[in-house]
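Engineer: Handing you a structure now.
The values are calculated or read from the model by the stated rules, or taken from the named source; none is laboratory data. On a predicted model such as this, the values are computed, not experimentally measured, just so you know. Here the Cβ is made from the backbone with ideal geometry for all residues, glycine too, and neighbour counts use every protein chain on show.
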Amino acid sequence: MPLPRPLADALWAVQFRLNNRFRRRLTVLKCEATGAAASAAAGVTVVGYGPGEALPDELAAALSDRFGADFPAVQRAEAAEGATLWVGSLDGEPRGFARTRPGDRAPGWHEALGPDDRLVYAMATQRAARGRGVSTAVLRAALAAVPPGGAAWADTMVWNAPALTVLRRVGFVDLYEADPLPDHPD
Ligand SMILES: CC(C)(COP(=O)(O)OP(=O)(O)OC[C@H]1O[C@@H](n2cnc3c(N)ncnc32)[C@H](O)[C@@H]1OP(=O)(O)O)[C@@H](O)C(=O)NCCC(=O)NCCS
């Protein structure tokens, strides 16, 4: 029988902290550009905001509310580094996001990436909205925008089963394990 949701959440939060402290090892993953159209679960929509596009005020306020008051400042800094923000909404409410950067704007990653590659990072879904396909749709939208001939790259902690599940589901393949990077964009 599955644990009640609040208990499962609390247990995962403890495991997350402990693992993050003592098992700091990453799985590096890659997904070749497929040219496949993005798809999403019922009620889930995704919008991408390129580096030159300001977020609507209402959206910025909702994301700050759900993901931290520093969201607008982080977003400005990320956009200045060439990042695109992908926002996933559930029934019209923004609940999750991820970022992508062109490979040549991701220096110091595990390996050199090209301008047509995309680094996928900073994916998160509001706790209460997890398990409803938001992140899967966000990743599919980001993958649909990878230029032909490029590939999407990602890494996540080896123990982060939800992140690995979503990445593998949309087509990422595990390549190797690596230590965390000093300047990891996150
Ligand atoms: C990883 C994360 C973004 C996924 O977001 P999400 O919107 O819940 O993702 P989806 O609903 O599209 O899919 C989640 C899948 O993971 C599965 N999952 C959840 N917990 C799991 C676990 N402990 N083990 C294995 N799979 C798990 C879900 O069952 C679901 O798969 P299903 O649809 O087949 O049931 C979200 O869990 C999150 O914000 N985590 C905290 C931040 C984080 O760790 N980010 C990754 C850093 S690289």
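Engineer: Checking the conditions here, which among Gly48, Gly35 is within 17 Å of the chain's Cα centre (by Cα), touching a residue at least 40 places away in the same chain (Cβ under 8 Å) and over 18 Å from Arg127 (Cα atoms)?
Structural biologist: Details: Gly35 fails: within 17 Å of the chain's Cα centre (by Cα).
Unique residue meeting the criteria: Gly48.
Engineer: So, one more: Cβ-Cβ distance below 7 Å, separation of 6 or more or different chains: which pairs start in segment 113-137 with a residue that is under 20 Å from Phe71 (Cβ atoms) and more than 7 Å from the ligand (Cβ to nearest atom) and end on one that is in a helix (DSSP H, G or I) and not hydrophobic (A, V, I, L, M, F, W, C)?
Structural biologist: Leu119/Gly103; Gln126/Arg66; Arg127/Asp9
Engineer: Further, regarding this structure: Report every pair of residues separated by at least 6 positions or lying on different chains whose Cβ atoms are under 9 Å apart, first residue within segment 1-23 and of a type in the set (S, T, N, Q), second at pLDDT 85 or above and not in a loop (DSSP other than H, G, I, E, B).
Structural biologist: Listed by first residue and then by second, the contacts come to Asn19/Met157; Asn20/Met157.
Engineer: Still on this structure, I have one more. Does Leu90 satisfy being within 19 Å of Leu26 (Cβ to Cβ) and in contact with a helix residue (DSSP H, G or I) (Cβ under 8 Å, 6 or more places away or on another chain)?
Structural biologist: So Leu90 does not fit the description; no.
Engineer: A further question on this structure: Which residue pairs have Cβ atoms under 7 Å apart, sit 6 or more places apart or on different chains, and have a first residue in segment 166-183 that is farther than 22 Å from Ala141 by Cβ and a second that is small (Gly, Ala, Ser) and outside any strand (DSSP E or B)?
Structural biologist: Leu181/Gly108; Asp183/Gly108
Engineer: Out of the residues in segment 88-112 that are among the basic types (Lys, Arg) and either within 16 Å of the ligand (Cβ to nearest atom) or at positive phi (or both), which is surrounded by the most Cβ atoms within 10 Å (Cβ to Cβ)?
Structural biologist: Applying the filter and picking the extreme gives Arg95.
Engineer: Regarding Val28, is this residue β-branched (Val, Ile, Thr), over 23 Å from Gly133 (Cβ atoms) and either exposed (fewer than 13 other Cβ atoms within 10 Å of the Cβ) or modelled with pLDDT of 95 or more (or both)?
Structural biologist: yes
To keep it simple, each residue is scored yes or no on (1) more than 25 Å from Thr45 (Cβ to Cβ); (2) of a type outside the set (Val, Ile, Thr).
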| site | (1), (2) |
| --- | --- |
| His110 | yes, yes |
| Pro115 | yes, yes |
| Ala142 | no, yes |
| Val158 | yes, no |
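Engineer: Of all residues in segment 1-22, how many are in a loop (DSSP other than H, G, I, E, B) and modelled with pLDDT of 85 or more?
Structural biologist: Total satisfying the criteria: 1.
Engineer: Examine segment 48-55 for a residue that is buried (at least 17 other Cβ atoms within 10 Å of the Cβ), of a type in the set (Ser, Thr, Tyr) and outside any helix (DSSP H, G or I), and state whether such a residue exists.
Structural biologist: yes
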